[in-house]
Structure formats: C-alpha cells, structure tokens
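Peer 1: Could you have a look at this structure, given as structure tokens, before my questions?
The values are calculated or read from the model by the stated rules, or taken from the named source; none is laboratory data. Note that the coordinates shown come from a computational prediction; the quantities given were computed from them, not determined experimentally. No Cβ is skipped: glycine too gets one built from the backbone with ideal geometry, and neighbour counts run over all protein chains shown. All accessible areas refer to the heavy atoms of the entire protein, side chains included, with ligands and DNA or RNA removed. Shrake-Rupley method; radii C 1.70, N 1.55, O 1.52, S 1.80 Å.
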Amino acid sequence: AQQFGVSVKPRLVSGVRAFAETDFKALADDGAQALLVQPIFTGQQDRIVPLAMKYRLPVISNYAVFAKAGGLLTLGPDDGAITRRAAYFVHRLLNGARPADLPVEQPSRFTLALNLATARGLGLKVPASLQLSADIVYE
C-alpha cells in the first residue's frame, strides 16, 4: 500500500454479527475509500454490501459472492475448484489415508468478478482491459 501511496487502516471486528451501521458511517467519516472484506465474512455479504454501499464504500473481497451481492470486485481462489479438491481429500481420508501423508496444495485457479452496475453507481470508470480480464461480469 505504501508503495502506491495508499493508507491502510485495519479495523478489527469482534465477530460476524458485530457490524453495525454506525461502523460504516464511521469509516466513511474517517475518509475510507473502500472496504476490504476478509473471507471469514463470507455468508454475510447480503448484510455487509448494502451497508457499505449506503456510505459509498466499494466492497472488495476474495469471493465472487460479494460481487454478485453488489460489491465492486473480487479476486480469489475458484470456489468450485476448491470444493472439488476438498472432496478429493475427504475421500482419501475416509479411505484410511493419514492426514500427514496428504500433500499441502495451494489454489492454481483464481476468479476475478466485477460488478459494473456498482462501478457505475459509484461513478467509477472501469478500464476495458479489466472488464475483458474478468471471469464474471455483473451488469
């Protein structure tokens, strides 16, 4: 962030249910320009995104469900690929494999999702190159 002249101000939240509208207002009042939502909050996108958008805070996350819910963009591991690999590991474990014998894997496929309607609503111009690079574009 420092290299690009961006200031990052982490805000710790005590739990998934700890978000209140006053938190989003405080972020906007403090000059926040975006909200980076961590994966632990997946499943709360229908609660977080509308509050963030009310205060014109674009939501950026790792999981495409946030872009689908109205967040600006997401870039993260492909959910389907991760689920398929998890099934493979569960199968191996159920067939007697020892956890220590299973390899550690990192994601190899990532998904970029972009919500153009949100960008337009925020008055942001999205470069054509980013639109063409996106795996999922919500209009």
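Peer 1: If you check every pair at least six apart or on different chains, which have Cβ atoms under 7 Å apart with a residue in the range 116-129 that is outside any loop (DSSP other than H, G, I, E, B) first and a residue that is modelled with pLDDT of 95 or more and open to solvent by 40 Å² or more (accessible area, probe 1.4 Å) second?
Peer 2: LEU116/VAL137; LEU116/TYR138; ALA117/TYR138
Peer 1: Could you please find all residues in the range 21-70 being among the aromatic types (Phe, Trp, Tyr) and out of contact with any Asp or Glu (no Cβ under 8 Å at 6 or more places or on another chain)?
Peer 2: Filtering the range 21-70 down to residues among the aromatic types (Phe, Trp, Tyr) leaves 24, 41, 55, 63, 66.
Scanning the range 21-70 gives PHE24, PHE41, TYR55, PHE66.
Peer 1: Restricting attention to the range 94-115, which residues are touching a residue at least 12 places away in the same chain (Cβ under 8 Å), within 19 Å of the chain's Cα centre (by Cα) and part of a loop (DSSP other than H, G, I, E, B)?
Peer 2: First, the residues of the range 94-115 that are touching a residue at least 12 places away in the same chain (Cβ under 8 Å): 102, 105, 107-115.
Pick out the ones that are also within 19 Å of the chain's Cα centre (by Cα) and you get 107-115.
PRO107, SER108, ARG109 - these are the residues of the range 94-115 that are touching a residue at least 12 places away in the same chain (Cβ under 8 Å), within 19 Å of the chain's Cα centre (by Cα) and part of a loop (DSSP other than H, G, I, E, B).
Peer 1: Scan the range 104-113 and give yes if some residue there is in contact with a Lys or Arg (Cβ under 8 Å, 6 or more places away or on another chain), modelled with pLDDT of 95 or more and either closer than 17 Å to PRO58 by Cβ or surrounded by 11 or more Cβ atoms within 10 Å (Cβ to Cβ) (or both), otherwise no.
Peer 2: Residues of the range 104-113 in contact with a Lys or Arg (Cβ under 8 Å, 6 or more places away or on another chain): 105, 113.
Then keep just the ones that are modelled with pLDDT of 95 or more; that gives 113.
Cutting the leftovers down to either closer than 17 Å to PRO58 by Cβ or surrounded by 11 or more Cβ atoms within 10 Å (Cβ to Cβ) (or both) gives us 113.
Looking for residues that are in contact with a Lys or Arg (Cβ under 8 Å, 6 or more places away or on another chain), modelled with pLDDT of 95 or more and either closer than 17 Å to PRO58 by Cβ or surrounded by 11 or more Cβ atoms within 10 Å (Cβ to Cβ) (or both), one finds at least one in the range 104-113, hence yes.
Peer 1: Would you say LEU93 is farther than 27 Å from GLU21 by Cβ and either aliphatic (A, V, I, L, M) or loosely packed, with under 12 Cβ neighbours inside 10 Å (or both)? First the steps, then the outcome.
Peer 2: Values: farther than 27 Å from GLU21 by Cβ: yes; either aliphatic (A, V, I, L, M) or loosely packed, with under 12 Cβ neighbours inside 10 Å (or both): yes.
Here the answer is yes, as LEU93 does meet what is asked.
Peer 1: For the condition among the hydrophobic types (A, V, I, L, M, F, W, C) and either at positive phi or in contact with a helix residue (DSSP H, G or I) (Cβ under 6 Å, 6 or more places away or on another chain) (or both), what is the one hit in LEU94, LEU75, LEU27, LEU35?
Peer 2: Step by step, each of LEU94, LEU75, LEU27, LEU35 is checked, and only LEU35 is among the hydrophobic types (A, V, I, L, M, F, W, C) and either at positive phi or in contact with a helix residue (DSSP H, G or I) (Cβ under 6 Å, 6 or more places away or on another chain) (or both).
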